[in-house]
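The values are calculated or read from the model by the stated rules, or taken from the named source; none is laboratory data. Quick caveat, the model's predicted, so the values are computed rather than measured. Reconstructed Cβ throughout: ideal geometry from the backbone, glycine too, with neighbour counts over all protein chains shown.
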Ligand code: PHE
Ligand code: NA
């Protein structure tokens, strides 16, 4: 139970609530959605199992795990995970700070702006400047405090309350979205894919959808390796991966049912919403629904906690690396890494250009590269070890492990290499 809570806590976060709607808007709505859903099932699900088998098999942190299973070269992947974690956490924390700030706005003044221009202006003041830096600092302090004090379990337990609460609120908000004037147009945009659009724009949609699938499932930087190292041999890895992927996907898809009807109703082109899409649409929704102020405070606050459990999973990878490699104690390791991550995030609080730069680098290149290395390693270097590990704890396994290893060997590798190439070109 602790494992599922930790893994779901890591997966559900800003990737679902903040990143998913604006990337979907940017890449054309339904065409992106269907590609992303296909990738979660065909690439994401087998890739989760790759990390699970490594983690449970070796019972170690990602770097140690790769060193134990492979030869020297593979342990360099651990370095990549560390770099990736640094970059992701630095902007993740800044964006989480925006959610804290919006929670506070609800408490002190409520959500009153229905005019998109004003809502956009508010987003502008929240997303850059000295206050933004302050909220980034507060969030990083929370993350470091929790890791250093070893009270992570408390946060993991809160997942039990938070994830169902987020789901219920999203269903309610989606129902509200259904009543809006823009709903019909929004559903058309979100739900009726046009395969012509996909084929015409696949060089953009494919890497974006693959990157989003890895990001949202916390794949490609060792988080799921670390968490699976707590697992007993009696656990059914495939069932656990299925639960995690389903909850994560459900939350993201529901967010679309909230954001797009609002954007279409207030007259914002979904492709132009950018990083502010979720804030502009939600503040306008909270300004109009009855009880919107309370719902808004609880919602933004919950997302802040969801972001916390994801951020913790990233810092944990960095801290365990420092502890194991350099023998640093837990508290100074957490403090030093937290400070470094904070500094790396400073430019993001000054100009959103850095947000795009970091995000494109982490999501378009680093996570994809990490997933490629792991897939190559398990699929081609230690396939028998991987298959044997997957079979444990599954009563009626059939040829699941055989199908899985081929999904890891070929489709993941092809999609990832193509995405990586397009991602680098784009960068
Ligand atoms: N999966 C998290 C989210 O959707 C983000 C994350 C990425 C966490 C990579 C850990 C590692 O918010
Ligand atoms: Na996610």
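Of all residues assigned to segment 222-238, none qualifies as being over 28 Å from residue 68 (Cβ atoms), within 14 Å of ligand 2 (Cβ to nearest atom) and either at pLDDT 95 or above or buried (at least 22 other Cβ atoms within 10 Å of the Cβ) (or both).
Of the residues 83, 8, the single one that is part of a helix (DSSP H, G or I), more than 16 Å from ligand 2 (Cβ to nearest atom) and either farther than 30 Å from residue 272 by Cα or touching a strand residue (DSSP E or B) at 6+ places or on another chain (Cβ under 6 Å) (or both) is 83.
Let's see how each residue does on (1) within 15 Å of ligand 2 (Cβ to nearest atom); (2) closer than 22 Å to residue 374 by Cα; (3) without any contact (Cβ under 8 Å) to a residue 40 or more places away in the chain:
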site: 149; (1), (2), (3): no, no, yes
site: 154; (1), (2), (3): no, no, yes
site: 182; (1), (2), (3): no, no, no
site: 212; (1), (2), (3): yes, yes, no
site: 220; (1), (2), (3): yes, yes, no
site: 249; (1), (2), (3): yes, no, no
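Looking only at segment 209-247, how many residues end up being over 12 Å from the mean Cα position of the chain (by Cα) and near ligand 1 (Cβ under 9 Å from one of its atoms)? The qualifying residues number 2. Return yes when residue 320 is within 16 Å of ligand 2 (Cβ to nearest atom) and over 24 Å from residue 128 (Cα atoms) and no when it is not. Against the criterion (within 16 Å of ligand 2 (Cβ to nearest atom) and over 24 Å from residue 128 (Cα atoms)), residue 320 does not qualify.
Kindly check whether there is at least one residue in segment 375-387 that is surrounded by 16 or more Cβ atoms within 10 Å (Cβ to Cβ), under 20 Å from residue 88 (Cβ atoms) and modelled with pLDDT of 90 or more. Scanning segment 375-387, I find at least one residue that is surrounded by 16 or more Cβ atoms within 10 Å (Cβ to Cβ), under 20 Å from residue 88 (Cβ atoms) and modelled with pLDDT of 90 or more, so the answer is yes.
Taking (1) over 22 Å from residue 73 (Cβ atoms); (2) buried (at least 18 other Cβ atoms within 10 Å of the Cβ); (3) free of Cβ contacts under 8 Å to residues at least 40 places away in the same chain in turn, residue 405 satisfies each apart from (1).
When residue 302 is tested against (1) away from ligand 2 (no atom under 16 Å from the Cβ); (2) over 15 Å from residue 81 (Cα atoms); (3) surrounded by fewer than 22 Cβ atoms within 10 Å (Cβ to Cβ), just one condition goes unmet, and that condition is (1). Looking across segment 61-76, the residues that are in a helix (DSSP H, G or I) and in contact with a helix residue (DSSP H, G or I) (Cβ under 7 Å, 6 or more places away or on another chain) come down to 62, 63, 64, 65, 66, 67, 68, 69, 74, 75.
Does segment 292-312 contain any residue that is within 16 Å of ligand 1 (Cβ to nearest atom), under 25 Å from residue 400 (Cα atoms) and in a helix (DSSP H, G or I)? No, there is no match, as no residue in segment 292-312 is within 16 Å of ligand 1 (Cβ to nearest atom), under 25 Å from residue 400 (Cα atoms) and in a helix (DSSP H, G or I).
Yes or no, residue by residue, for (1) crowded, with 24+ Cβ neighbours inside 10 Å; (2) at negative phi; (3) at pLDDT 95 or above:
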site: 37; (1), (2), (3): no, yes, yes
site: 50; (1), (2), (3): yes, yes, yes
site: 60; (1), (2), (3): no, yes, no
site: 65; (1), (2), (3): yes, yes, no
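Checked against the criterion of being touching a helix residue (DSSP H, G or I) at 6+ places or on another chain (Cβ under 7 Å), in a helix (DSSP H, G or I), within 16 Å of ligand 2 (Cβ to nearest atom) and under 30 Å from residue 80 (Cβ atoms), segment 257-277 contains not a single residue that satisfies it. Taking the condition closer than 28 Å to residue 351 by Cα and assigned to a helix (DSSP H, G or I), does residue 224 pass? No, not satisfied. Looking at segment 6-17, I want the residues that are touching a residue at least 40 places away in the same chain (Cβ under 8 Å) and more than 9 Å from residue 252 (Cβ to Cβ) and have a partner that is within 8 Å of ligand 2 (Cβ to nearest atom) and part of a loop (DSSP other than H, G, I, E, B) with Cβ atoms under 8 Å, at least 6 apart or on another chain. Which pairs are those? Close Cβ pairs satisfying both conditions: 7/218; 10/218; 11/217; 11/218.
Going by the structure shown, is residue 424 within 25 Å of the chain's Cα centre (by Cα), over 24 Å from residue 90 (Cα atoms) and part of a helix (DSSP H, G or I)? So residue 424 does not fit the description; no. Does residue 143 satisfy the criteria of being touching a residue at least 60 places away in the same chain (Cβ under 8 Å), more than 22 Å from residue 281 (Cβ to Cβ) and either touching a helix residue (DSSP H, G or I) at 6+ places or on another chain (Cβ under 6 Å) or surrounded by 14 or more Cβ atoms within 10 Å (Cβ to Cβ) (or both)? So residue 143 fits the description; yes.
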